[in-house]
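First comes the structure, then the notes that go with it.
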Amino acid sequence: MAGNFLPHVRARLNETFKSDSFQWFDRAYVVDWIVVSLAWLCAWAIKGLTPFERVFTLNDPLIGHDHKPNQISGDSTWFIALLVPLLFIVVVGTLRTSALEIHHGALALWAARGSNALITEALKNRVGRLRPDFLSRCKWTQSLETCSGKLDKVMDGRRSFPSGHSSTAFCGMMFLALWLAGTTGTWSFHRPSTARSLFSSKQLRMLITVAPLGFATWVAISRLEDNRHHKEDVIVGSVIGIVTATVAYLIYWPNPFTLRNADLDRGAARPRLVYRHAELGDSRNDNYDYELAEQHGSENV
């Protein structure tokens, strides 16, 4: 029965997604998922290690600020930066009946977030910079010459650089901004839009595509207001998030600034086929070609 079930499922999926099908899928994509998931696991393991214990003085004004509650928790930032972009990817990909778009969007997002987490956690652990509210966490006991605060809060107080909230928020929201820009063609400034349409407004489209970055900026600024990070922590964390999101996106999707007719399908950016068979007659390359310019040239809209 199992032998008949899997072909039936595949046939139903092919029928649902039609020409997109799953002919493009290659085992190399499975390796991509495994490698990126290992990056997530490594980040999780590093986070559990004891950070570098930097020497401090009790009269250091940089670490003597009050301990405040978070305006937004780490868990909330983590889920928003992952689930919101993923929701857009799945909904639009389903409406366009494109399994390729759903897969490449999800894989690129997972890769961006995974590499961002690994870099951020590795730096936090090795640098061991003290948070602005470290002394409030420490609760120094002069008689014992040691911190008497809760161990987990004290250890977390040694993980200021870079800002994990900032890198996470900017990674997820920068990816969403790039994806929206590719979907709408907004950042391809040389391409004219259809006239007499509300959504054709360049300014409206620009507002929609950069809106996610507004959330990320608020998260980053809140880390300064909450005395959880120094300004350098926030700046570097934000840059890490932007870079990892951009690199991961461009691996699987075309540059949103230079979209051509060859990069578009039904008005939206087409994902790249990053793996292809060199043999002639490979049917998986019939509908989606990595070098799309070979088929369509470089004509601009």
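Read-outs throughout are calculated quantities, based only on the coordinates presented, and are distinct from any laboratory measurement. Please read these numbers as outputs of a predicted model, since none were measured by experiment. Cβ sites come from the backbone with ideal geometry, for glycine too, and all protein chains shown count toward neighbours.
So for the range 140-161 (the condition being over 21 Å from the mean Cα position of the chain (by Cα), farther than 28 Å from Trp40 by Cβ and among the basic types (Lys, Arg)), does at least one residue qualify? Looking through the range 140-161, none of the residues is over 21 Å from the mean Cα position of the chain (by Cα), farther than 28 Å from Trp40 by Cβ and among the basic types (Lys, Arg). Among the conditions (1) in a helix (DSSP H, G or I); (2) touching a residue at least 40 places away in the same chain (Cβ under 8 Å); (3) out of contact with any strand residue (DSSP E or B) (no Cβ under 9 Å at 6 or more places or on another chain), the only one that Glu101 does not satisfy is (3). Has the range 86-97 got any residue that is in contact with a Leu (Cβ under 8 Å, 6 or more places away or on another chain), among the β-branched types (Val, Ile, Thr), part of a helix (DSSP H, G or I) and more than 30 Å from Arg27 (Cβ to Cβ)? Within the range 86-97 (the criterion being in contact with a Leu (Cβ under 8 Å, 6 or more places away or on another chain), among the β-branched types (Val, Ile, Thr), part of a helix (DSSP H, G or I) and more than 30 Å from Arg27 (Cβ to Cβ)), the answer is no, since none of the residues qualifies.
Scanning the range 96-117 for residues that are of a type in the set (A, V, I, L, M, F, W, C) and either on the phi > 0 side of the Ramachandran plot or crowded, with 22+ Cβ neighbours inside 10 Å (or both) turns up Leu100, Ala108, Leu109, Ala111, Ala112, Ala117. Taken as a whole, the structure leaves Ser115 outside the set of residues that are in a helix (DSSP H, G or I) and in contact with an Asp or Glu (Cβ under 7 Å, 6 or more places away or on another chain).
Could you tell me whether Ser167 is touching a His at 6+ places or on another chain (Cβ under 8 Å) and crowded, with 21+ Cβ neighbours inside 10 Å?
Answer is no for this residue.
The residue that is farthest from Trp187 (Cα to Cα), among those in the range 219-234 that are in contact (Cβ under 8 Å) with a residue 24 or more places away in the chain and in a helix (DSSP H, G or I), is Glu225. Would it be correct to say that Val35 is assigned to a helix (DSSP H, G or I), out of contact with any strand residue (DSSP E or B) (no Cβ under 9 Å at 6 or more places or on another chain) and without any contact (Cβ under 8 Å) to a residue 24 or more places away in the chain? When the stated conditions are applied, Val35 passes them.
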